[in-house]
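Participant: Quick one: this structure, given as structure tokens, is what I'll be asking you about.
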Amino acid sequence: VQLQASGGGLVQAGTSLTLSCEAAERIYSSVAMYWYRQTPGKERELVARLTSGGRIEYSDSVKGRFRMSKDVAKNTVYLQMNNLGPEDTAVYYCSMLKPNRPMYWGQGTQVTVSS
């Protein structure tokens, strides 16, 4: 499965940015979608996920600031990031988990937040 993440960039602290992750196929309700992020030297951190049951969950570090959504017609999931801080600087990855399949990963998009 091909996943194309986009929308990253260099922004100032306190501003917003929306990431997109377009899948090359339909994102069925049985599929879970994830947003992770990673900084050099650290493990990949789960930021948000859309479970196969349709529930959206967030890590404590982004709860209340980030919002994940899905557009079925566009085969795309989004990560709206508000009130960004330097601690949000990372490469952001989207991934897809289909039943009985390994996790599929996109290529990542860099988000840099200047203070």
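The values are calculated or read from the model by the stated rules, or taken from the named source; none is laboratory data. Because the structure is predicted, anything quoted here is derived from the model rather than measured. A quick note on method: Cβ atoms are made from the backbone with ideal geometry, for glycine too, and the neighbour counts reach across all protein chains shown. Protein only, heavy atoms only, side chains kept; ligands, DNA and RNA dropped before computing areas. Shrake-Rupley method; radii C 1.70, N 1.55, O 1.52, S 1.80 Å.
Participant: Output the number of residues of the stretch 6-44 satisfying the condition of being within 12 Å of G108 (Cα to Cα) and either in a loop (DSSP other than H, G, I, E, B) or modelled with pLDDT under 95 (or both).
Facilitator: The qualifying residues number 4.
Participant: Here's another thing I want to ask about it. Suppose we filter the stretch 1-45 for residues that are without any contact (Cβ under 8 Å) to a residue 24 or more places away in the chain and over 28 Å from P99 (Cβ atoms); how many remain?
Facilitator: Adding up the residues that qualify gives 3.
Participant: Hey, among the residues in the stretch 65-99 that are part of a strand (DSSP E or B) and basic (K, R), which one's surrounded by the fewest Cβ atoms within 10 Å (Cβ to Cβ)?
Facilitator: Looking at the filtered set, the residue picked out is R67.
Participant: Oh, and also: If only one of V47, V62, V113 is surrounded by 20 or more Cβ atoms within 10 Å (Cβ to Cβ) and part of a loop (DSSP other than H, G, I, E, B), which one is it?
Facilitator: None of the others qualify; the one that does is V62.
Participant: Next question, about the same structure. Exactly one condition in (1) closer than 29 Å to Q12 by Cβ; (2) out of contact with any Leu (no Cβ under 6 Å at 6 or more places or on another chain) is false for R101; which is it?
Facilitator: (1) is the only condition that R101 fails.
Participant: Follow-up question, since we're still on this one. Inside the stretch 1-42, can you point out the residues that are of a type in the set (D, E, K, R) and open to solvent by 40 Å² or more (accessible area, probe 1.4 Å)? So that I can check it myself, show each step before the final result.
Facilitator: Applying the first criterion (of a type in the set (D, E, K, R)) to the stretch 1-42 yields 22, 25-26, 37, 42.
If the condition is that a residue be of a type in the set (D, E, K, R) and open to solvent by 40 Å² or more (accessible area, probe 1.4 Å), then E22, E25, R26, K42 are the ones that fit.
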